[in-house]
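Computed from the coordinates by the stated procedures, all read-outs in this text should not be read as laboratory data. Note that this is a predicted model, so its numbers are computed, not measured. Don't worry about glycine lacking a Cβ; one is built from the backbone with ideal geometry, like all the others, and counts go over all protein chains shown.
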Number of protein chains: 2
Amino acid sequence: MSGNNEFSYIGKSVTPVDAWEKATGRAMFVTDLKLPGMLYGKILRSPHAHARIVKIDTSKAQALKGVKAVVTFADTPQIKFGPMASNEDWYIFAKDKVRFIGEEVAAVAAIDEETAEAALDLIDVTYEILPSVFDLEEAMNSGAPLINEDWQKNIASEAHIEQGDIDTGFAESDLIIEETFSTSQVYQAYMEAMAVIVRPEKEKGLTMWLPIQVPNKARLIYAKALGISSEDIRVIKPFIGGAFGAKFEANLHLACAILAEKTKHPVKIVNTRYEDFIAGNPRVPMRYWIKMGFKKDGKITAKHMRIIAGNGARTVYGPAIMSTACIRIDSLYNFENVKADGFAVYTNTIPTGCFRGFGNSQSIFVLESVMDMAAEKLGITPEGIRKLNVIPSNYVNVHGWKIGTCGLVETVDKAVEAMKNRANEDVKPGKYRGIGLACTNHVSGNRGFFPTFDGSASLVRIGEDGKIILYHGECDMGQGQDTAFAQIAAEALGAKLADLRVASIDTQISPFGLGSYATRGTTVGGMGVIAGAKAAQKNLFQAAAAMLGVSSDELVARESIIYLRNQPEKRLTFSEVAKTYVFEHGGASIIGNGYYITDTVPPDPKTKYGNISPAYVFGTHIAEVEIDAETGHVDVVNYWAAHDVGRVINPTLLAGQVEGGVSMGLGWTLMEDMLTREGQILNAGFLDYRIPGSKDVPRVQSMWVEPVEPNGPFGAKGIGEPALNPVPAAIANAIYNAIGVRFKELPITPEKILRALKEKEK
Amino acid sequence: MSGNNEFSYIGKSVTPVDAWEKATGRAMFVTDLKLPGMLYGKILRSPHAHARIVKIDTSKAQALKGVKAVVTFADTPQIKFGPMASNEDWYIFAKDKVRFIGEEVAAVAAIDEETAEAALDLIDVTYEILPSVFDLEEAMNSGAPLINEDWQKNIASEAHIEQGDIDTGFAESDLIIEETFSTSQVYQAYMEAMAVIVRPEKEKGLTMWLPIQVPNKARLIYAKALGISSEDIRVIKPFIGGAFGAKFEANLHLACAILAEKTKHPVKIVNTRYEDFIAGNPRVPMRYWIKMGFKKDGKITAKHMRIIAGNGARTVYGPAIMSTACIRIDSLYNFENVKADGFAVYTNTIPTGCFRGFGNSQSIFVLESVMDMAAEKLGITPEGIRKLNVIPSNYVNVHGWKIGTCGLVETVDKAVEAMKNRANEDVKPGKYRGIGLACTNHVSGNRGFFPTFDGSASLVRIGEDGKIILYHGECDMGQGQDTAFAQIAAEALGAKLADLRVASIDTQISPFGLGSYATRGTTVGGMGVIAGAKAAQKNLFQAAAAMLGVSSDELVARESIIYLRNQPEKRLTFSEVAKTYVFEHGGASIIGNGYYITDTVPPDPKTKYGNISPAYVFGTHIAEVEIDAETGHVDVVNYWAAHDVGRVINPTLLAGQVEGGVSMGLGWTLMEDMLTREGQILNAGFLDYRIPGSKDVPRVQSMWVEPVEPNGPFGAKGIGEPALNPVPAAIANAIYNAIGVRFKELPITPEKILRALKEKEK
């Protein structure tokens, strides 16, 4: 850095780098892209929850004018695969049987969408209905219909994790709380439906336009599924209209690849919203049994959990999400004795996957409800019991997680203070008011997600006019990642932000980035960006030093000007140096190829002991609710969110993340639920599946705590997931505070409120 | 290299890297590309050869529904510019007056082409006709109407070059030939009409999809014209459907940029073929006066030329082409005393520009006609007089050009031998047969074209699966440059060709390449490719050496396998090494950023003394013609072409270049001419402007001479232009041989033949 404490861009609310393109409609999404000779694909999906495929007759569909290919399992390489190496239970199209309503059975490529749609109706599939199972506990029974024959039972995975000694912990406790909770299956409700274009290249190569959070990981998985090398798949990431965990590997993409290979034409598939609802990968619904022990003063002595997680009919990331739910909360408080038994259970329902929070949000709801229950029983304030148990900074937790910075106490204090300073309003007649607090932790990286390494890289190129392009392999899915990276790169390089562009991902040149998950983008990706920027700066400074006749150690840069530290009038612009460099080097640009490796430790497969993340994040939310006694409607009237973010990169984007997290959490808590009957989702569309609108969402007062994190870029940590995690507990605690009823099942609908109020009146 | 003499790919006719995409219609040309919100542009062109613009009323056009912008000179930055720094006489739209029929007066952007077209008719331009001048000599007269007021007279540039002493030379000569010649204005007849898309980016940036030979040079020129920084212009080079010199800077592109800036929408303009004919930049027509002295034995003693070149109404590259015509032939033979006076003359006609040969082809026609005339007079064979005067290898010519390798004698011998081995056919009644020979030289690079440097660079990236992507900044315009580069890169890197892809140019990441001109691509660009490949190989070998526990000096690579030179069973695949490297480096790829600088010397602006090219190429063509006495039709029945190419990279592509050159040359010699009356081109379309069809073109027997050139990749030199240069003289000499009539004006049409035959009969 330039040697003084003032930043040029870090901590500033610069305009998002993609704002212009998005606001003017220039941003290129998959739906906007049309390639020469492009065909349109449609997928035939199973109408049955569990059925044997007796016969597929595609002849009538094939014969339809304008149809270029009809493909089924027989047209695929017939390789088993899946997003998780431990649970490869996917085929590109159903083999022999279907396991859920929405499963891919066949696909059509035609000259237009209408023809493709019409052809679907002409595919004759003869099914033989099999017995189905939908309930989690029923599915675990030994007599239940077996959904995936490669597994002995309907359990996709189990986790049995124990640290310390819970028996001693419970024995030492003065208070034991034992409860059950359950969380619902909700939809990520991103704006852009899932879509893909695949262009076949010569021989066996494919170019895929994939709006996906993990462009490189998907390449590896898809290469396996297609029986080709990963480098034969070039992924171009177009603009993404939101993802929130939904946009990982999807059969949609592979169905499109098969059509493209078969027709030798580019093929586009855009899901209908209905298809996204029935064949996406919504949040893993979980059932909890929890038992916690406390000392009189509120100190936690032990925690024991049993979690049954709905995996759906095939495995997206259910097992990882389930095991995360088992242990991640253990870095929120200073747990010593913990045990968790988790089961990811197959049922004949939609496969479930990642959703902002990745299992931790479910467990935070449970833990933070129990914490309030304990506090009440022990006569401690909600903030008091949390501050008492808080995990310290520079501490190794019970699972080996190295907590560096932890600003949790400060977030509690800030949120409580802000809440106390609220304008006092009288409670209107017929209304109840209540305030609830919940804390959260989260990771900012996940060493367990990709087996081979943990880190990030960037390639920074300075062109002949001193303008800079940054290639990274992480993923902007609408959250503003590219803007944060631009700020970080400009700051690290000493460049003008306006001189810097961030390239969209093209795996042909972008580094192998791990992608957008686990709140890792800014933290891990940001360090990779700094590494590339510094590598470019080194080459730039060497060229400048030669021009100025000084040593490059003496140089600093700011706002695209390089100058001598002790003689700042001796200076050159980036553009002057770069032009000289490029024209003296036969047209070669200044290139910085930098990388960063985290100090994380892969978790032990069985015990999960390790150090999953280079940094850990914390936050506290407080909700104030007003409940209508007549309608049961819960209005979240005030909301305070204080987050330990290490260092603020962009306050506006950060606040946007928090507001989005609160809004999503509010929907999950009060409104949203994918209602299912016999495996059929009943509210598969925004008409029936309501998400919060602008009138449902309170003004969120965001606050930052900045304990500069050594493992983050300029001290920054992430925000994506912790912004959502504490919302259900904060609102549930507020509802309890308002009406004295403890809700342990999400969502907390007006009907449930009314029923509870009636119950109370009895 | 791998230390032995066998190449894996050099000298092999590998399939062109873009063959699949082109054959299947997947290749993306500008016409195929459609961006969100894209508008369509049309240009209003001057109907007058010379006229004052009194008034432009765009109000009616603006009011037409669907019209988004109508722009004229007033909407531009009003900056004078031009492709040549010495002759900046362009504005984006006509200022105050028009200078030729076809000049850009205004442009419209509308929602579709039809609306844009209709709007053109609604623009009212009031012109006041000015006196025009079309004839070159008339234009040079002091009383002629002045076309560009910044110049004192209608002379865009002059060249007066003299080396040695022609007076002494002529005094020593036994034979003096003094003649006049003229060459015609011909159209490059590429398949894809000129086209462009410009997308405005936020603030003042532009992305331009430019099918252009010089993406980077154009960026600099366009930045000046638009008053922005060159790095604010990102150029993406799509597939190009041929160029042959025609696709350099064009106002079309800038008109589109102005429309894009004004509308803030992407805009596409695709010329009609008519527009390409009337507002492109056809070959510079030239009039020659030449005087040459010879000794009795055929040795050249002196050459004096006067050239008047038609520059058109504004300067594309006329001055450079004219000065090239003055001196480039002086490296074909061992000239000692030369003088040339050249004039590039403004007339009220279409501006002229580059066309394969760049002035040298015009002069080769003249010189090689005179050589035959001298040989006949001196009783020497055509091949004898040429071999006597041939320029030696490792020689500095009269202009300072350092001739490295010269295989001219061998090309003469090979061509003559092949010709002598032809099947003997009886001359049919009513037909004449004749054989003609012509030699050519050419550069393989041009130090005078871009002021700042001469060289090339490449960026080679090895991804995690060992697959390679090559970024270069040169230009494939359909000639197969990318295929040659792929072969060179694979060979230099020791990679499998199938593992290597060549990226299309995107100035955001591709090196600053000088582009496709002067037969420089393979020679100079190829050396840049080797440099990048070697830089990547160094990094790859270091990683492999660490894995194998050896020194990287001991390693060699072939077909994507790295092995110990003396212990070849100790080996690793590229993929094994790359995966380890990438995953150990946080996802950073192996990058090679290499460059090459030629040892050329910029020519002195006045004397032109320097060393223009790192290598020089030579060739000999022999044509056999059969002339129909009744119709005057000249049928080229046999054709032999022997070229010094240094080293063959790809025989099929090389032969393709020669066949294309012969075909183009044949059209120029016998058929093509842009007929003009009062500045109006009369045959502006392929219905009236005939180019050779398959029945007009003979089978060409191509032969190679390979004097390995130290300044070329694996010894290779270029082929693009020399393949065309000697065709007119070879055919004209054959016609003379057949009927005893010497044609000194192109084209040699059937009418001229018939007239000559009649004249002879008298």
Straight-distance crosslink candidates among aspartates and glutamates, where the alpha carbon sits under 16 Å from B:K608 and sequence neighbours closer than 8 are dropped: B:E158, B:E162, B:D330, B:E336, B:D341
Test item: Cα-centred dipole of the protein assembly as shown, Lys/Arg +1 and Asp/Glu -1 on Cβ, debye: 160
Distance cut-off 41 Å, percentage of C-alpha pairs in chain B lying past it: 34
Restraint check, B:K431/B:K758; B:K55/B:K224; A:K12/B:K204, Cα-Cα greater than 25 Å: B:K55/B:K224
Within chain B: Cβ-based charge dipole about Cα centre, in debye rounded to nearest 20 (Lys, Arg +1; Asp, Glu -1): 640
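In the neighborhood of B:D124, defined by Cβ-to-Cβ distances under 12 Å, what is the net charge if each Lys or Arg adds +1 and each Asp or Glu adds -1?
Once positives and negatives cancel, what remains is 0.
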Principal axis dimensions, the stretch B:71-130 - Cα atoms, whole angstrom, descending: 39, 28, 19
Averaged over A:703-709, number of beta-carbon atoms from partner chains that fall within 10 Å: 0
Computed over the stretch A:61-188, the ratio Rg/Rh where both radii use C-alpha atoms and Rh is Kirkwood: 1.17
Top positive-direction residue, dipole computed over chain B with Cβ charges, set B:P451, B:P36, B:G718: B:P36
Whole-number percent relative contact order across chain B, with pairs defined as alpha carbons under 8 Å at least 6 apart: 16
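So for B:H621, B:H48, A:H472, fewest C-beta neighbours within 10 Å to most, what's the order? Can you show the working numbers first?
On the way: B:H621 34, B:H48 24, A:H472 29.
If I rank by nearby Cβ atoms, fewest first, I get B:H48, A:H472, B:H621.
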Lys, Arg +1 and Asp, Glu -1 on Cβ, resulting dipole of the stretch B:246-286 about Cα centre, debye, nearest 20: 100
Averaged over B:500-509, number of beta-carbon atoms from partner chains that fall within 10 Å: 4
Gap separating the Cα centres of the stretch B:26-79 and the stretch A:250-281, nearest whole Å: 40
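Mind sorting A:T573, B:T180 by how few other Cβ atoms lie within 10 Å of their own Cβ, fewest first?
B:T180, A:T573
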Cα gyration tensor, the stretch B:1-60 - rounded (a/c under 1.5), prolate or oblate: prolate
q = 0.24, 0.25 Å⁻¹: log10 I(q)/I(0) that the Debye formula gives for the stretch A:378-418, counting C-alpha atoms only: -0.83, -0.86
Prolate/oblate/rounded call for the stretch B:436-486, Cα gyration tensor, a/c under 1.5 rounded: oblate
Computed [θ] at 222 nm, deg cm²/dmol, chain B (DSSP H ≥ 4; -39,500 (n - 2.57); rounded to nearest 500): -8000 deg cm²/dmol
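Quick one: divide the alpha-carbon radius of gyration of the stretch B:315-398 by 2.2 N^0.38 Å and tell me what you get.
On the way: Rg = 15.1 Å, N = 84, 2.2 N^0.38 = 11.8 Å.
Here the Cα radius of gyration is 1.28 times the empirical estimate.
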Cross-link table A:K467/B:K268; A:K467/B:K534; B:K339/B:K606, entries beyond 20 Å C-alpha to C-alpha: A:K467/B:K268; A:K467/B:K534
Alpha-carbon centroids, the stretch B:534-588 and the stretch A:742-757: separation in whole Å: 64
Largest-first ellipsoid semi-axes for the protein assembly as shown, taking √(5λ) over the Cα gyration tensor eigenvalues, angstrom: 71, 32, 32
Footprinting exposure proxy for A:M373, A:M194 (fewest neighbouring C-beta atoms within 10 Å first): A:M373, A:M194
³J(HN,Hα) computed for each position of the stretch B:339-349 - Karplus, 6.51 cos²θ - 1.76 cosθ + 1.60, integer Hz, glycine/proline x: 9, 9, 10, x, 9, 9, 10, 6, 9, 7, 10
Area projected by the alpha carbon convex hull of the stretch B:204-258, averaged over all directions, nm²: 3.4
Packing-based ranking, highest mean first, of A:199-208, B:578-587, A:269-278 given that Cβ atoms within 10 Å are counted: B:578-587, A:269-278, A:199-208
Compactness of the stretch B:132-263 - radius of gyration and Dmax, Cα, Å: 21.9, 71
Ordering of B:147-154, B:424-431 by burial proxy (mean other Cβ atoms within 10 Å per residue, highest first): B:147-154, B:424-431
